[in-house]
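Asker: Here's a structure for you.
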4 protein chains.
Amino acid sequence: MAKDFEARARDRLEPAVYDYYAGGADDQVSVNDNPRAWQRVRLRPRVLRDVTAVDTTVTMLGATAAAPIGIAPTAAHELAHPDAECATARGAAAAGVPYVVSTLSTRSMEAIAEAASDAARWFQLYVRGDLDRARALVQRAEACGHQALVVTVDVPTLGLRRHEAMALNDRVGLPHMARPDDTGGDTYARHVALTFDDLHEIISWTSLPVLAKGVLRADDAAACVRAGVAGIIVSNHGGRQLDTTIDPPTALEEVAAAVGDATEIYVDGGIRRGTDVVKALALGAVGVFVGRPVIWGLVVDGADGVCAVLDELRTELERAMRLCGAATVADVTHDLVVGP
Amino acid sequence: MAKDFEARARDRLEPAVYDYYAGGADDQVSVNDNPRAWQRVRLRPRVLRDVTAVDTTVTMLGATAAAPIGIAPTAAHELAHPDAECATARGAAAAGVPYVVSTLSTRSMEAIAEAASDAARWFQLYVRGDLDRARALVQRAEACGHQALVVTVDVPTLGLRRHEAMALNDRVGLPHMARPDDTGGDTYARHVALTFDDLHEIISWTSLPVLAKGVLRADDAAACVRAGVAGIIVSNHGGRQLDTTIDPPTALEEVAAAVGDATEIYVDGGIRRGTDVVKALALGAVGVFVGRPVIWGLVVDGADGVCAVLDELRTELERAMRLCGAATVADVTHDLVVGP
Amino acid sequence: MAKDFEARARDRLEPAVYDYYAGGADDQVSVNDNPRAWQRVRLRPRVLRDVTAVDTTVTMLGATAAAPIGIAPTAAHELAHPDAECATARGAAAAGVPYVVSTLSTRSMEAIAEAASDAARWFQLYVRGDLDRARALVQRAEACGHQALVVTVDVPTLGLRRHEAMALNDRVGLPHMARPDDTGGDTYARHVALTFDDLHEIISWTSLPVLAKGVLRADDAAACVRAGVAGIIVSNHGGRQLDTTIDPPTALEEVAAAVGDATEIYVDGGIRRGTDVVKALALGAVGVFVGRPVIWGLVVDGADGVCAVLDELRTELERAMRLCGAATVADVTHDLVVGP
Amino acid sequence: MAKDFEARARDRLEPAVYDYYAGGADDQVSVNDNPRAWQRVRLRPRVLRDVTAVDTTVTMLGATAAAPIGIAPTAAHELAHPDAECATARGAAAAGVPYVVSTLSTRSMEAIAEAASDAARWFQLYVRGDLDRARALVQRAEACGHQALVVTVDVPTLGLRRHEAMALNDRVGLPHMARPDDTGGDTYARHVALTFDDLHEIISWTSLPVLAKGVLRADDAAACVRAGVAGIIVSNHGGRQLDTTIDPPTALEEVAAAVGDATEIYVDGGIRRGTDVVKALALGAVGVFVGRPVIWGLVVDGADGVCAVLDELRTELERAMRLCGAATVADVTHDLVVGP
């Protein structure tokens, strides 16, 4: 079904836009490997447990979600659907799961908030140009009801991507971005190479819980915890930044083993099936984020498509939990998997 | 030859029916991997043993069979051949091996018993709707001469399968199934999510030996033994329930090492060659069950086709045992294999 | 080049004959894997050794050969070339390496001896029908100048092979075979399932050194040594008997580690390149045997083709030894390889 | 991009010349595996480090280079471009990285020096015919300003290569080669099989630092150090000499662990991406050398193409370092990689 959405979306999109969403960095090794990495993790299902009622609800950062699933931040939804991020937010609200709004959204965060005031929204922060501009974004995000701040830490510079020759900037507006300036090759202000000190400072700006997105190592995760994060999103950026990294389940297992008791661990990259979600939980994640599948749903049917993709994944998760003998997310323990 | 039967059956069946039998769950990972998993187990044959006479007979649950091979329970044989499960039973009788009649048979268990009174029949139990209906089935099964009861424990709900859009229920009758009721999306009563307590209770209903089918873990196998089973069928349901599980030989080795001394261990899933049977025995199985290959035989030539497939597998087993220096099934010891 | 010979031979042969030589048992797993297994063994070449002169000569069973290479026994060379085994023997003589004449040759061993009296000939023994007939063959083999006896121990029965529908027996004569009798499905007398006692007895018949061909395990190799063999040929019969065995380099390493000090270890199966020969020597073999490549040479150019294939392999071996820093076969030590 | 250069070069070259550069030895296993071996090494990037400024400069043999990258010695550049090695040298100078001039160049080392006096040039030495001729080459190399001598130690004889039927010698002149003589099959003097004593003697001829190129083992590397080398280039000769060797990253890790403290370790073979360079540094290399990609640049655009390929690789390295949290090459430590 997820594949059906992708196929239908691909049919509708111009190739450059499809490639923009689907592609990865360099030789496409990680983008192609991410889903396979989850397949390589094998399940050891339990039987004969009472799974008459399976409950997929979960508490993430203190709030309840319908499932341990959220929408990963992705850019420029207007390229996918005319209702853009407003549709995405409504789809997330309908599915009862959080949506991480990207700094690179094509609608302002306030417009998104207004379109789906009942959605659990987290704001993803890119720091481009300088920290002051970023601080203003954080204050706006807090003011318009976001529940968390996600600081992307794996983009000190953009990865080398195919397919981005198209002039994205000329096609859509990015209201949270600084105006083009004269700093050089990038028409928008450059990415700032953040440090742990910067992360610490960003955390000081806001009462929102702050997550660091893009961590792949235990030592970095521990340093993030020391900097004061409320959570970590293990991620190789969907294979769009550094190619040939360790795969998400491998990194998740390492990070969760190191700091899973100290903070909430999330993961994204290659999650396509309910069984993948079970595996992520078993390896120590509180929840997962999905990016491209949501885009395909958005392309196919706007907010309804987004909700359909999320509902399908939640339904698959419920089935997979039942088939694994797990009635609640707490029952999804490490012994359910072998590998990665 | 087994592949010849499949090719010929595929030619004869409408695609939806072929897909119904051949397909697996989700992304088809496990259904495709099952046969490969047996290939990955490598043989370390012995030479210069006295294998002039090779004896493939085996005692399963106290009864002698011509080979450590049985017919796994599969649904709706009328879709494969007009003589349906009656033909399957006659084929099993002719081959001298047990046949596990499915709850989802298209002929009543009594009709099957009458058609092949000399067949070693085991009855596979699905509990749908409620336990009382199941108890009635068990009593009927015992009354009409089944030698064992096989309780499927890996279907608290159906796996997500491609190709089942076809309205199976409308095409054939399933006499052991409760009539359609008003419980919702399923036109038949829903699967009951059994527990170890339920298994214990089912065992109390009957004097027949009871096997639990669908176990993949040592701890679950041990709990089944504590519940009173006479045997365990290690199975990932032919890849039709939970996709991306550990593979059958891996699970078999774990389960047999844990409880092989306490109960009889069987395995199904991906067994296609006599060498696969040798590998299963070496890893601790008392016998194996085959599903899809029997269906292909049934499609091609009814009872004779079923018998031909089984005879061929038994002949291959005899050859493989001889080439491994094993004159009896007791000679098939763990040192004959490396892996999985 | 070896591949060139195969391609040219394939062009010349009728498909059934090509398949007869090229095919393996069951699902063709081992026949296809054998060459790959040697590729998986990786070389750790030494540099800056004095390899101005590289000497590939070797002593096998007390006799010197131009290279640690011999012709494995293969059947029915008349199907490959009208000069049949006489041409093969002349090719071996020209190349200076031993030729293992098959019991299933289409020329009598005496005719072959006369055609190439200067060839180092070993006689391969199948025991079919009864031991007395075999004893007569052994006596003839000794009488007409063979230097060794190779007892095939992995054919208590034939493997299941595709492509042998063709009535080989009707096409060519097999002068060493007992006349067709009335023992059943085989038009020739059936294979005898030899035991270690039989091997011991066969050894007692002759003053020739006796090798056991078809051993894949250390314990069997040790038992062969106790029975009095002068050597062991590690072999999975080119993948034509039992499919999915452990691969030749893996078995070779195990056998050589166990009894390499007590007897001469040889190997066949999948050897196609000089690097493969180096790997076999590094893993403990005194020499290797090649089967199918010699057939292709025979098809293409008779005795000259046989010699060309062998010379090419010897030349490749010399180059590989030089590139590995090994001036003599004694310099080819285990540290030159990683794996299998 | 590197792939773009290869595609464009392939379009321009006659197939035999493309094959001459692109091909490897025997079955092409190593030539195909080399790039994949680097992909198999996985990155464990660090985040939140100060990578605002990334410095790719490095000291190699006491001299500064713009990046830890050099041009591996490759033969006969006139086949690639009419300006031949003079263009290559100018490209290297423009990119600020060293160029290892091959003994098999089609321009004299003095002409190359004159064409690019500002290039960091190292001279690669083949010893063919006898040591005296080699000594004369070394003296010329020192006289015309080379900064190092690279002694190739893995060519006691040529590997078996496809595609070299073309008469290279008749197409271009090789000014450093001895005139054809009467020593046999090679129209030029044969390769000398060098020994560690020879290496020691060669080192005594010159005040230049000497590197041994073609080492794959720790023991050989240690012996090279004892012989007095200033560095070692771990190499399987781009898969053109001995096929199926251990792969470059595996050998690099072994060699660097053994003698990385005692001498400078370099590596070549399969380096195609900036991430590959990071991996090589993490595994202990001071720098890498690239061969075929430089040829493709030379074919496409002469000196400018060479410089473009090198600049692109340096830019990719800078990006990969930044994405790995490494501001300098000293920050690229072993913990950044898993595997090989």
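Asker: Quick check on my filter: what residues within segment A:90-104 are without any contact (Cβ under 8 Å) to a residue 40 or more places away in the chain and aliphatic (A, V, I, L, M)?
Answerer: A:A93, the sole residue that qualifies.
Asker: So, in segment A:123-137, exactly how many residues are of a type in the set (K, R) and not in a strand (DSSP E or B)?
Answerer: Adding up the residues that qualify gives 2.
Asker: Given the conditions (1) over 18 Å from the mean Cα position of the chain (by Cα); (2) within 14 Å of chain C (Cβ to nearest Cβ); (3) closer than 22 Å to B:G239 by Cβ, which single one is not true for B:P35?
Answerer: (1)
Asker: Consider C:A116 against the criteria (1) more than 24 Å from C:V267 (Cβ to Cβ); (2) surrounded by fewer than 17 Cβ atoms within 10 Å (Cβ to Cβ): it satisfies all of them except one. Which criterion is unmet?
Answerer: (2)
Asker: Return the residues of segment A:207-222 that are crowded, with 20+ Cβ neighbours inside 10 Å, within 10 Å of chain D (Cβ to nearest Cβ) and of a type outside the set (V, I, T); say none if nothing qualifies.
Answerer: Correct list: A:A212, A:K213, A:G214, A:L216, A:R217, A:D220, A:A221.
Asker: Does C:I232 satisfy being more than 9 Å from chain B (Cβ to nearest Cβ) and open to solvent by less than 10 Å² (accessible area, probe 1.4 Å)?
Answerer: In short, yes.
Asker: I would also like to ask the following. Quick one: would you say A:A257 is more than 14 Å from chain B (Cβ to nearest Cβ), without any contact (Cβ under 8 Å) to a residue 40 or more places away in the chain and open to solvent by 10 Å² or more (accessible area, probe 1.4 Å)?
Answerer: Taking the combined requirement at face value, the residue satisfies it.
Asker: Tally the residues that are open to solvent by 10 Å² or more (accessible area, probe 1.4 Å), over 27 Å from A:T245 (Cβ atoms) and either in contact (Cβ under 8 Å) with a residue 60 or more places away in the chain or in contact with a Gly (Cβ under 7 Å, 6 or more places away or on another chain) (or both), restricting the search to segment D:64-74.
Answerer: So the count comes out to 2.
Asker: Being open to solvent by 10 Å² or more (accessible area, probe 1.4 Å) and in contact with a strand residue (DSSP E or B) (Cβ under 8 Å, 6 or more places away or on another chain) narrows it down to one of A:L104, A:L79, A:L61, so name that one.
Answerer: Testing whether each residue is open to solvent by 10 Å² or more (accessible area, probe 1.4 Å) and in contact with a strand residue (DSSP E or B) (Cβ under 8 Å, 6 or more places away or on another chain) leaves just A:L61.
Asker: So the check is Cβ under 6 Å with 6+ separation or different chains; which pairs have a first residue in segment B:279-294 that's modelled with pLDDT under 95 and a second one that's assigned to a helix (DSSP H, G or I)?
Answerer: none
Asker: Quickly run through segment A:306-322 and pick out the residues that are open to solvent by 20 Å² or more (accessible area, probe 1.4 Å) and either in contact with an Asp or Glu (Cβ under 8 Å, 6 or more places away or on another chain) or at pLDDT below 95 (or both).
Answerer: A:A308
Asker: Please list, ordered by first then second residue, the pairs with beta carbon atoms under 9 Å, 6 or more apart or interchain, first in segment B:235-252 and without any contact (Cβ under 8 Å) to a residue 24 or more places away in the chain, second open to solvent by less than 10 Å² (accessible area, probe 1.4 Å) and small (G, A, S).
Answerer: From segment B:235-252, no pairs qualify.
Asker: Return a yes/no flag: does segment B:80-98 have any residue that is at pLDDT 90 or above, within 16 Å of the chain's Cα centre (by Cα), within 20 Å of B:G24 (Cβ to Cβ) and not small (G, A, S).
Answerer: no
Asker: Right, next: Identify, from the list C:R128, C:R90, the residue that is open to solvent by 10 Å² or more (accessible area, probe 1.4 Å) and in contact with a His (Cβ under 9 Å, 6 or more places away or on another chain).
Answerer: Residue meeting the stated conditions: C:R128.
Okay, residues lined up against (1) within 14 Å of chain A (Cβ to nearest Cβ); (2) under 22 Å from the mean Cα position of the chain (by Cα); (3) hydrophobic (A, V, I, L, M, F, W, C); (4) within 30 Å of D:L13 (Cα to Cα):
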residue: D:A285; (1), (2), (3), (4): no, yes, yes, no
residue: D:V288; (1), (2), (3), (4): no, yes, yes, yes
residue: D:V294; (1), (2), (3), (4): no, yes, yes, yes
residue: D:G297; (1), (2), (3), (4): no, yes, no, yes
residue: D:E312; (1), (2), (3), (4): yes, yes, no, yes
residue: D:R319; (1), (2), (3), (4): yes, no, no, no
residue: D:C324; (1), (2), (3), (4): yes, no, yes, no
residue: D:V332; (1), (2), (3), (4): yes, yes, yes, no
residue: D:V338; (1), (2), (3), (4): yes, no, yes, no
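Asker: Taking A:A303 as the residue in question, decide whether it is touching an Asp or Glu at 6+ places or on another chain (Cβ under 8 Å) and away from chain D (no Cβ under 14 Å).
Answerer: In short, yes.
Asker: Considering segment B:323-335 alone, what residues qualify as being surrounded by 24 or more Cβ atoms within 10 Å (Cβ to Cβ) and assigned to a helix (DSSP H, G or I)?
Answerer: B:L323
Asker: Could you go through segment C:6-27 and let me know if any residue there is within 14 Å of chain D (Cβ to nearest Cβ), within 29 Å of D:Q241 (Cα to Cα), surrounded by fewer than 17 Cβ atoms within 10 Å (Cβ to Cβ) and of a type in the set (D, E, K, R).
Answerer: no
Asker: Here is a check on your reading of the model: is B:T56 within 21 Å of the chain's Cα centre (by Cα), within 14 Å of chain C (Cβ to nearest Cβ) and open to solvent by less than 40 Å² (accessible area, probe 1.4 Å)?
Answerer: Here the answer is yes, as B:T56 does meet what is asked.
Asker: Here's a follow-up. Please work out if D:R140 is within 19 Å of D:T106 (Cβ to Cβ), modelled with pLDDT of 95 or more, open to solvent by 40 Å² or more (accessible area, probe 1.4 Å) and part of a helix (DSSP H, G or I).
Answerer: yes
Asker: Right, another one. Run down C:V192, C:V210 and say which single residue is at pLDDT 95 or above and touching a strand residue (DSSP E or B) at 6+ places or on another chain (Cβ under 9 Å).
Answerer: Just one listed residue meets the conditions, C:V210.
The values are calculated or read from the model by the stated rules, or taken from the named source; none is laboratory data. This is a predicted model, so every value here is computed, not measured. Neighbour counts run over all protein chains shown; Cβ positions are idealised from the backbone, glycine included. Protein only, heavy atoms only, side chains kept; ligands, DNA and RNA dropped before computing areas. Shrake-Rupley method; radii C 1.70, N 1.55, O 1.52, S 1.80 Å.
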